[in-house]
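Step one of this worksheet: look at the structure below.
The values are calculated or read from the model by the stated rules, or taken from the named source; none is laboratory data. Keep in mind the model is a prediction, meaning the values are calculated, not measured. Backbone-built Cβ (ideal geometry, glycine too); neighbour counts: all protein chains shown.
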């Protein structure tokens, strides 16, 4: 077996894009996510477009519904290697 190499980061994504990507991977519409999260669809849309900051409370709520850790939504581009070297 060949040596495993860590993938290079190709694109940076925003928290809103992270929400959209995870929502779409789970085949949820904005309306469905809004219903499950108990927030207006317009808020989901604004988060995904980067017009509204996701915030800690919204991140926790959306993470529960999307079955992921809130940090995945809030810090999608976090580079642990760079931070541990600092």
Taking residue 15 as the residue in question, decide whether it is touching a residue at least 60 places away in the same chain (Cβ under 8 Å) and in contact with a helix residue (DSSP H, G or I) (Cβ under 7 Å, 6 or more places away or on another chain). yes
Residue, nearest to the chain's Cα centre (by Cα), within the range 19-39, restricted to residues that are assigned to a loop (DSSP other than H, G, I, E, B) and surrounded by fewer than 12 Cβ atoms within 10 Å (Cβ to Cβ): 27
Taking the range 40-69 and keeping residues surrounded by 18 or more Cβ atoms within 10 Å (Cβ to Cβ) and at pLDDT below 95 leaves 54
